[in-house]
Amino acid sequence: MLTVTDSALAQLANVLGQIDDPKPENACFRIVPKGDGKLTLTVDTPGADDTAFDHDGTTVLVMSEEMRERCEGRTLDSDDTGNLLLT
């Protein structure tokens with residue numbers, strides 16, 4: 001399972017709050033393949049089979065079963081400048 005640090009969750013929540021409308025009421029970030037073997041984040045809504053990560057009672061990140069397997073044993077963190085790091 002992916003480990004997501006509190007600082008990464010706080011950073012995701014902060015960025016979600018800065019997205020201008022229109023965005024879905026329950027908008028969150030989703031980890032998706034980028035196409036070049038890398039991963040990226042996109043704005044989406046939670047699905048029934050997603051694993052969700054919450055910050056202060058709000059879902060800020062979701063991932064599919066495929067992404068759960070791909071991110072097994074990894075950590076999503078943020079640095080002092082707010083950049084997200086997947087290690």
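The values are calculated or read from the model by the stated rules, or taken from the named source; none is laboratory data. Note that the structure is predicted; figures quoted are calculated from it, not measured. Don't worry about glycine lacking a Cβ; one is built from the backbone with ideal geometry, like all the others, and counts go over all protein chains shown. To get the accessible areas, we keep the full protein, side chains included, count just its heavy atoms, and leave off ligands, DNA and RNA. Shrake-Rupley method; radii C 1.70, N 1.55, O 1.52, S 1.80 Å.
Remarks
- Stretched out straight at 0.36 nm per residue, the stretch from THR5 to THR87 would grow longer than its current Cα-Cα span by 28.4 nm.
- Using Cβ point charges alone (K and R +1, D and E -1), the dipole size of the range 1-50 about the Cα centre works out to roughly 220 debye.
- When the GluC sites (Glu not before Pro) in the range 35-85 are filtered for DSSP coil states and for at most 10 other beta-carbon atoms within 10 Å of their beta-carbon, the remaining sites are GLU72.
- With the simple spin-label model, which puts each label point 7 Å out from Cα in the Cβ direction, the ASN26 to ASP80 separation comes to 3.9 nm.
- Straightening the chain between GLU72 and LYS34 buys 11.9 nm, computed as 0.36 nm per residue apart minus the Cα-Cα spacing.
- Couplings for the range 24-38, taken from phi via the Karplus curve 6.51 cos²θ - 1.76 cosθ + 1.60 with θ = phi - 60°, read x, 4, 9, 4, 8, 8, 10, 7, 9, x, 8, x, 10, x, 9 Hz in order; Gly and Pro are left as x.
- Accessible surface computed residue by residue for the chain, with neighbouring protein chains in place and a 1.4 Å probe, gives 62 Å² per residue.
- Residue ranking by accessible heavy-atom surface, 1.4 Å probe, largest first, among MET67, MET1 comes out as MET1, MET67.
- Counting Cα-Cα pairs of the chain in 10 Å increments starting at 0 gives whole-percent bin shares of 17, 53, 28, 1.
- Taking amide H as placed 1.01 Å from N in the peptide plane, LEU61 has its amide H under 5 Å from the amide H of PHE29, PHE53, each at least 5 places away in sequence or on another chain.
- Carbon and sulfur %, accessible surface of the range 17-58 computed with the full protein complex present, 1.4 Å: 44 percent
- Largest to smallest principal axis extent of the C-alpha atoms in the range 1-46, angstrom: 31, 25, 17
- Using θ = phi - 60° and Karplus 6.51 cos²θ - 1.76 cosθ + 1.60, couplings along the range 47-64 (whole Hz; Gly, Pro as x): x, 4, 9, 6, 8, 10, 10, 10, 9, 6, x, 10, 5, 10, 8, 9, 8, 6
- Largest to smallest in accessible area, the residues VAL43, VAL32 fall in the order VAL43, VAL32 (1.4 Å probe, all protein chains included).
- Sorted peptide list for 50-58, 23-31, criterion being average Cβ within 10 angstrom, highest first: 23-31, 50-58
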